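The values are calculated or read from the model by the stated rules, or taken from the named source; none is laboratory data. Keep in mind that what you see is a predicted model, and the values were worked out from it rather than measured. When we count neighbours, we look across all protein chains shown, and the Cβ atoms used for this are built from the backbone with ideal geometry, even at glycine. Accessible surface is based on the protein model in full, side chains and every heavy atom, while ligands, DNA and RNA are left aside. Shrake-Rupley method; radii C 1.70, N 1.55, O 1.52, S 1.80 Å.
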Amino acid sequence: MYQSHAERRRRLMLQMGEGIAILPTAPEAVRNADNHYPYRADSHFLYLTGFAEPEAVLVLDAALGKSILFCREKNIEREVWEGFRFGPDGAREAFGFDEAYPLAELDLRLPDLLSGQKALWWNVGRDAAFDVRVNGWLESVRQRYRSGEQPPALYHDLRWPLDEMRMVKDAGECAMLRRAGQVSAQGHLQAMRTTRPGMMEYQVEAEILHTFIRHGARYPAYESIVAGGANACTLHYAANNARLNDGELLLIDAGCELNGYAGDITRTIPVNGKFSAAQRDVYEIVLAAELAGIAAVKPDALWNAPGDAALKVLVQGMLDLQLLSGTVDGVIESGAFRQFYMHGIGHMIGLDVHDVGQRKLGGQWRSYQPGMCTTIEPGLYIRPADNVPAALHNIGIRIEDDVLVTADGREVYTADVPKEIDEIEILMQGV
């Protein structure tokens with residue numbers, strides 16, 4: 001089951017060439033008193049190990065091609081209270097590590113592992129407390145100079161090669177992302193079926209979260225946005241506590257997390273199941289922009305191509321709605337469009353909903369490659385203003401899908417949720 005994780009460790013060590021890498025998982029976080037937040041492993045750590053327990057450290061020795069895990073020991077008494085633990089022996093066998101030791105031995109063993117290494121790779125500056133521990137291990141090696149021992153002379157940030165690796169998903173990751181997209185889609189479908197005037201935003205959110213959990217996704221990938229009426233013009237609205245009114249729109253931005261992988265879908269629907277004329281006009285512009293952005297996702301296309309394609313459609317729409325005046329090129333050059341569209345076209349998605357990876361290299365846009373995964377999410381957010389017709393006040397619309405780059409184009413794996421106006425209205429009205 002975890003052969004892909006072992007292969008990733010092997011690939012990373014080949015890129016390192018020499019030296020040793022140290023990667024801790026995320027610490028547990030206290031919510032209040034003795035109550036913790038639900039635990040989520042560090043994404044880089046999860047990518048390389050598949051090991052989801054807290055209190056663990058991965059060590060990779062590139063010269064020997066060896067992976068070593070430090071983790072919590074088996075403890076039957078604690079397991080009675082907190083649940084199963086693999087322990088070092090169980091983790092080594094289940095996850096394919098070459099060696100595994102109790103976490104309590106980390107301080108004892110790390111100086112020996114660091115001694116004589118040419119380079120040290122770790123997430124420099126990510127965790128100040130862990131940096132102190134690393135410096136302590138290095139100082140322990142320095143104190144052995146009379147015995148001829150030396151610590152690594154070169155330090156490298158481990159995030160750079162890992163970020164690059166994670167940009168291109170392997171077959172197992174693609175399958176998990178598709179499943180996360182499918183479960184996320186089910187949540188949106190349930191919201192469309194149940195939304196009615198008079199409901200509270202949090203009641204719609206409850207329908208979504210219930211659907212996620214019912215399909216095996218215990219947690220959302222991020223805080224769900226369920227924004228009715230004017231709330232949809234706040235990009236990261238998260239209060240979700242207002243009443244849904246007849247004649248208004250509802251913007252829902254929600255996705256599940258499944259085995260660490262994120263889904264991310266946005267749909268905008270009429271609370272009463274029927275778009276008004278003004279809502280239709282704005283919606284059709286955003287939908288056309290999204291379709292133009294999706295069409296621009298393909299192998300060897302530059303990363304900015306979807307954003308450029310969608311922006312031209314959005315700006316032409318702003319001109320058609322008489323929100324702005326001038327020409328498409330002139331509005332884009334001036335930046336006047338930002339009154340109604342103030343974010344980018346999307347982001348990479350994977351183990352993090354806003355996934356890692358550089359969109360530019362050497363100041364130049366990089367190109368899409370098969371296995372990369374991105375969201376496409378244009379929007380229009382029309383707040384009341386002197387230059388805005390009254391019929392368009394407080395209309396906020398965003399449409400978002402997750403798109404996987406394939407060898408011959410793209411795969412929109414969140415397409416189970418309708419986004420054409422007629423399809424949405426039919427579903428919501430139960431026709």
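For the reader, a short list of remarks on this structure follows.
- Filter result for residue 28 (open to solvent by 20 Å² or more (accessible area, probe 1.4 Å), outside any helix (DSSP H, G or I), under 19 Å from residue 99 (Cα atoms) and at pLDDT 95 or above): no
- Each residue in region 367-384 was checked for being within 18 Å of residue 310 (Cβ to Cβ), over 15 Å from the mean Cα position of the chain (by Cα) and in a loop (DSSP other than H, G, I, E, B), and 2 of them qualify.
- Subset of region 267-284 [buried (at least 20 other Cβ atoms within 10 Å of the Cβ), hydrophobic (A, V, I, L, M, F, W, C) and not in a strand (DSSP E or B)]: 271, 275, 282
- Residue count for region 296-317 satisfying the condition of being assigned to a helix (DSSP H, G or I) and either within 23 Å of the chain's Cα centre (by Cα) or of a type in the set (A, V, I, L, M, F, W, C) (or both): 10.
- Members of region 119-138 found to be in contact with a helix residue (DSSP H, G or I) (Cβ under 9 Å, 6 or more places away or on another chain), part of a helix (DSSP H, G or I) and open to solvent by less than 80 Å² (accessible area, probe 1.4 Å), listed by number: 134, 136, 137, 138
- Residue that is outside any helix (DSSP H, G or I), modelled with pLDDT under 95 and of a type in the set (Gly, Ala, Ser), where the choices are 357, 350, 346: 357
- Filter pass, residue 46 being open to solvent by 10 Å² or more (accessible area, probe 1.4 Å), in contact (Cβ under 8 Å) with a residue 60 or more places away in the chain and within 26 Å of the chain's Cα centre (by Cα): yes
- Per the conditions (1) in a helix (DSSP H, G or I); (2) open to solvent by 30 Å² or more (accessible area, probe 1.4 Å); (3) in contact with a helix residue (DSSP H, G or I) (Cβ under 7 Å, 6 or more places away or on another chain), the sole criterion not satisfied by residue 149 is (1).
- Hits in region 172-221 (condition: of a type in the set (Ser, Thr, Tyr) and open to solvent by 10 Å² or more (accessible area, probe 1.4 Å)): 194, 202, 219
- Subset tally (residues that are touching a residue at least 24 places away in the same chain (Cβ under 8 Å), open to solvent by 10 Å² or more (accessible area, probe 1.4 Å) and either under 18 Å from residue 228 (Cα atoms) or not polar (S, T, N, Q) (or both)) for region 375-387: 3
- When we screen 33, 41, 6, 63 for residues that are over 21 Å from residue 352 (Cβ atoms) and either in contact (Cβ under 8 Å) with a residue 60 or more places away in the chain or open to solvent by less than 40 Å² (accessible area, probe 1.4 Å) (or both), the only hit is 6.
- Residue within region 209-224 that is within 25 Å of the chain's Cα centre (by Cα) and under 17 Å from residue 397 (Cβ atoms) present: no
- Residues of region 107-118 that are open to solvent by 60 Å² or more (accessible area, probe 1.4 Å), assigned to a helix (DSSP H, G or I) and not acidic (Asp, Glu): 108, 109.
- Residue check for residue 420: in contact with a Lys or Arg (Cβ under 7 Å, 6 or more places away or on another chain) and open to solvent by 10 Å² or more (accessible area, probe 1.4 Å): no
- Checking residue 264 against (1) surrounded by fewer than 19 Cβ atoms within 10 Å (Cβ to Cβ); (2) of a type in the set (Asp, Glu); (3) touching a Ser or Thr at 6+ places or on another chain (Cβ under 8 Å), the condition it does not meet: (1)
- Residues located in region 385-429, provided they are outside any loop (DSSP other than H, G, I, E, B) and over 16 Å from residue 270 (Cα atoms): 390, 400, 401, 402, 403, 404, 405, 406, 409, 410, 411, 412
- Any hit, region 299-319, residues being aliphatic (A, V, I, L, M), over 20 Å from residue 235 (Cβ atoms) and touching a strand residue (DSSP E or B) at 6+ places or on another chain (Cβ under 7 Å): yes
- Matching residues in region 242-266 - criterion: being in contact with a strand residue (DSSP E or B) (Cβ under 7 Å, 6 or more places away or on another chain) and in a strand (DSSP E or B): 243, 249, 250, 251, 252, 253, 254, 256, 257, 265, 266
- Test: residue 321 is open to solvent by less than 50 Å² (accessible area, probe 1.4 Å), among the aliphatic types (A, V, I, L, M), touching an Asp or Glu at 6+ places or on another chain (Cβ under 9 Å) and farther than 30 Å from residue 172 by Cα: yes
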